[in-house]
Each structure stands twice: as structure tokens, then as C-alpha cells.
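The values are calculated or read from the model by the stated rules, or taken from the named source; none is laboratory data. Just so you know, these numbers come straight off a predicted model, no measurement behind them. Ideal geometry is used to build each Cβ from the backbone, glycine not excepted, and the neighbour counts take in all protein chains shown. Side chains are part of the model used for accessible areas, which takes the heavy atoms of the whole protein and leaves out ligands, DNA and RNA. Shrake-Rupley method; radii C 1.70, N 1.55, O 1.52, S 1.80 Å.
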Amino acid sequence: MMLTIALILFFTNPLDAASVNIYKSYKNYKVLEVLGDESSLRNFVTMMTSRYAVPFYQLTKGKVEILVAPEWTPTLDKIMEFENLNVNVLIEDYSKIINEEKLSLNRKLGFSWTAYHDVNDIYKYLEDVNKAHSDWTEVIVGGESYEGRKIQGIRINTLTGDENKPVIFIESGIHAREWITPATTTYFINQLVTSNNPNITALRDQFDWRIFPSVNPDGYQFSYYSDRMWRKTRSLSPNGCIGADPNRNWDYNWLKHGASNNPCDYQTYGGSKPFSEVETKTLSAYIASIENLQAYVAFHSDAQMLLLPYSDSTTHVDNYDDLVTVGKTSLNYGRAVNGKVYRGPATAAEILYKASGGSMDWVRDALGTPLVFTYELRGTYFHWPAYRIPEQGEEVTQMLLGLVTEAKNLGYF
Ligand SMILES: *[C@@H]1O[C@H](CO)[C@@H](O)[C@H](O)[C@H]1NC(C)=O
Ligand SMILES: [Zn+2]
């Protein structure tokens, strides 16, 4: 009976427009760590996700981390007992984390790296950078979104007399709730355009940069104003559920691993077909149109890892050893900033979980781009205090400097 009511509510009232301005509180939602054997954990995840719109779970070796609503406790307890699972509470009240972040949502002081900004402010920042450096920057459009936004980025290509510099593409914010990624990406843009450090000006001048802080602008805006845990796009499925995972929607081994075919899945619905989402369809066409694309870098959070292609395979690409060498140097440069150790470089299948249909893998497979990397930045269930954005911004800047330095040593540029 309860289940039927829950399902009816879920299917008839899927995050409708009326709720857009009400920020979902996550009051008394807990983050749990559930321990048990592989098949019990799988059963647990299947039972929970088929009953509820679970906002976050991650199944790795020997455990599931999961965000649960207080009203799910009776069902949860029954499943745990039945499947013989153990549980630890990692976070008692997820809303406290969100509230801490919201205190710093004050944007009155203008664009900064001590607050999180919405997509309009991020786009305005890109326009301001362009106004300040109109000779060698350009606001670029890499695609469009379901709700009619542009996927706006910036091209930074200083006047060095070289018409045909290698292109480095930076993709950020494909997962809406990973707020630290647009923030560190604009931090990096600011470094490129304002730093006097000769290492950074050289980094800027050698390349034709195409940098997109928020490639899922609808999702990000929804996460910013309505539901902090939103990850997907905002497209409407025929059954009334909303959104597909834009990093499971690219045309490479689509839906093979780590993706759901259920449009109501909160996290990893792969879409109705490869490139069903206008964001991935238009962005992939834009990327394919770039001549001389030498490096593709995607930012996610918060597994604190460096991932190499292919995410669903332990078989390695032909220049894998080079990617490892470049990746290690990149991580060493990053570690020199704050002493933080990232796992990898390795494929996601080796150190995280198998996932198909991601952007990096498509770029590598379809376009043959030699240098492709996915950085998983740091955080606690997608949270990172706003006042500490520069800490990761500086780390990212150095990681990119390390990447370029080692790739150059190996003869890539
Ligand atoms: C530039 O990079 C070199 C090599 O990594 C380093 O030794 C030097 O300290 C850097 N210079 C500045 C100003 O950061
Ligand atoms: Zn992600």
C-alpha cells in the first residue's frame, strides 16, 4: 500500500515547475555506508532504487554509500536484515552540509572564488573576460540545452603569430551537482588571463584554449536553485520523469556498463538513445568540428582520482603508458600545492567502477584525440566549502601545467 502511494506520487508529481523555487532541504537525510557481500549489496541497491528516487548512491567494492530520506528507514531496516548487511552512519543530517554552502551563496559582492555562482553569473563572467581581452579571447557557444540555454565557453588564443596552435578543450560541470568543477574552471580561466607567473603565461600562450565551465547549464541551475543533488539534464521523458545522465549519453558503448535504462533513475539514466540529449548532441558536434584538438580534459568530483580511457575497460589504449606518465606528472604538480594525493592515473574500470557512454571515451574513440583525461576533484558528497575554492583552483591550475609540461617532454606538442 505504502509502496503504491509512493509510486503514484513519484510518477504524477515529478519535480514539477511549481516546486522550482523551493530548495529541497534534505533535512535529516543520512549518508550511510552499507557493508556486505557483492550480491546482497546489488540486491539492496536494486530494491532501494526501484522503490525510491534515491538522490545518491555509489556501489564500489564491498560497500554502498547511499543518501537516504528519514521516511525510508522501515524499508531500509527490513532489506538490511533480509540481506544480512551492516551499516554505518557517515553523515547524520545532509541538510547541514547544504546549509553551510548556502550561507556563502551571497553574490552581492560580484563574481568571486569565495562563493558559488549560478550559470548566468558564470556566463557574464566569461563575457567580462572577453571585454577585458577582446583581442585574444572570444565567447564561444559549444551547443545548447533542453531549456534553451547556450553552452557557453571562452576561447583563449593569444596573438603569437602562430595560426595553428594545438587546441586544449576543457569540459566542466557535465554533472550538475559537482559545483566545484565550474568554480575551479573559472578560477583557471582567471589564472590564464591575469597571472604574471611566466609558467602560467607560457601555458596560456602555447595553446588555443576552449574552456566550458558548465556544459549542463539546465542541470546546474536546477541544482543551484532547487535540488542540490541534481546530476542529470532537464529533458522530459514520455513517462514524466526528468533528465538523463549527460555522461552516460555519448555514443560509445552506450548503456553497456554503469548506466540505467530507467528514465526515473536519479543518477545514471543513459537517455533514450546515444546523444538523445541536445546538450551531448550539440556539444559532440562542436568538439568534432575542432581542428587540431590535441587534449581533452573533463572535470568531475569528488572521487579524488585521475581517470584514463576507456572507463568501461581494463584493456589499455595504445599510448596508455604516455598517458600514465603525463598523468603522474600532472598529479605531482597538483600535490605540490596542498599535499593532496589523488588515486590513479588508471581507467575507471580499474579504480572506480565501469561506466560507458562518457564524453572522454567518445572523444578518444570517435576523434582519436591523443591526450584525454578525466579529473575527479575533491569534496564530501559533492560539497566543498566556497571559501576554499581557491585551494582546489590552484591545484587544478598546477595539474594542468604539469600535464602540458610532461606531454611536451614526450613530444605531443
Ligand atoms: C616555474 O616552473 C618551474 C619548473 O617546474 C619551477 O621550478 C619554478 O619555480 C616555476 N616558477 C614560478 C614563478 O612559479
Ligand atoms: Zn561526475
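Data table
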{"item": "Selected residue (only one of 306, 323 is open to solvent by less than 50 Å² (accessible area, probe 1.4 Å) and either farther than 18 Å from residue 185 by Cβ or away from ligand 2 (no atom under 16 Å from the Cβ) (or both))", "result": "323"}
{"item": "Segment 227-241, residues that are open to solvent by 10 Å² or more (accessible area, probe 1.4 Å) and out of contact with any Cys (no Cβ under 9 Å at 6 or more places or on another chain)", "result": "231, 234, 235, 236, 238"}
{"item": "Options 220, 224, 252, 187: the member that is touching a helix residue (DSSP H, G or I) at 6+ places or on another chain (Cβ under 6 Å), open to solvent by less than 20 Å² (accessible area, probe 1.4 Å) and of a type in the set (Ser, Thr, Tyr)", "result": "220"}
{"item": "Condition check for residue 159: of a type in the set (A, V, I, L, M), over 24 Å from the mean Cα position of the chain (by Cα) and more than 30 Å from residue 57 (Cβ to Cβ)", "result": "yes"}
{"item": "Close pairs from segment 156-185: first within 30 Å of residue 227 (Cα to Cα) and among the polar types (S, T, N, Q), partner in a loop (DSSP other than H, G, I, E, B) and within 16 Å of ligand 2 (Cβ to nearest atom), Cβ under 7 Å, at least 6 apart", "result": "172/213; 172/214; 172/215; 181/173; 185/213"}
{"item": "Residue that is farthest from residue 354 (Cα to Cα) [pool: residues in segment 39-92 that are buried (at least 18 other Cβ atoms within 10 Å of the Cβ) and among the aromatic types (Phe, Trp, Tyr)]", "result": "72"}
{"item": "Residues within segment 330-381 that are open to solvent by less than 30 Å² (accessible area, probe 1.4 Å), among the basic types (Lys, Arg) and modelled with pLDDT under 95, tallied", "result": "0"}
{"item": "Residue within segment 278-294 that is surrounded by fewer than 24 Cβ atoms within 10 Å (Cβ to Cβ), touching a helix residue (DSSP H, G or I) at 6+ places or on another chain (Cβ under 8 Å), at pLDDT 95 or above and more than 19 Å from residue 368 (Cα to Cα) present", "result": "no"}
{"item": "Meets criteria (within 20 Å of residue 232 (Cα to Cα), more than 16 Å from ligand 2 (Cβ to nearest atom) and in contact (Cβ under 8 Å) with a residue 12 or more places away in the chain) for residue 272", "result": "yes"}
{"item": "2 or more residues of a type outside the set (Val, Ile, Thr) and either touching a Lys or Arg at 6+ places or on another chain (Cβ under 6 Å) or at pLDDT 95 or above (or both): qualifying helices (runs of 4 or more DSSP H) within segment 71-157", "result": "94-103, 119-132"}
{"item": "Complete set of residues in segment 311-320 that are in contact (Cβ under 8 Å) with a residue 24 or more places away in the chain and either polar (S, T, N, Q) or open to solvent by less than 30 Å² (accessible area, probe 1.4 Å) (or both)", "result": "311, 312, 313, 314, 317, 319"}
{"item": "Flag if residue 212 is within 16 Å of ligand 2 (Cβ to nearest atom), open to solvent by less than 30 Å² (accessible area, probe 1.4 Å) and among the aromatic types (Phe, Trp, Tyr)", "result": "yes"}
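Yes or no, residue by residue, for (1) in contact with an Asp or Glu (Cβ under 6 Å, 6 or more places away or on another chain); (2) under 22 Å from residue 282 (Cα atoms); (3) of a type in the set (Ser, Thr, Tyr):
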position	(1), (2), (3)
110	no, no, no
114	no, no, yes
119	no, yes, no
131	no, no, no
144	no, yes, no
154	no, yes, no
158	yes, no, yes
167	yes, yes, no
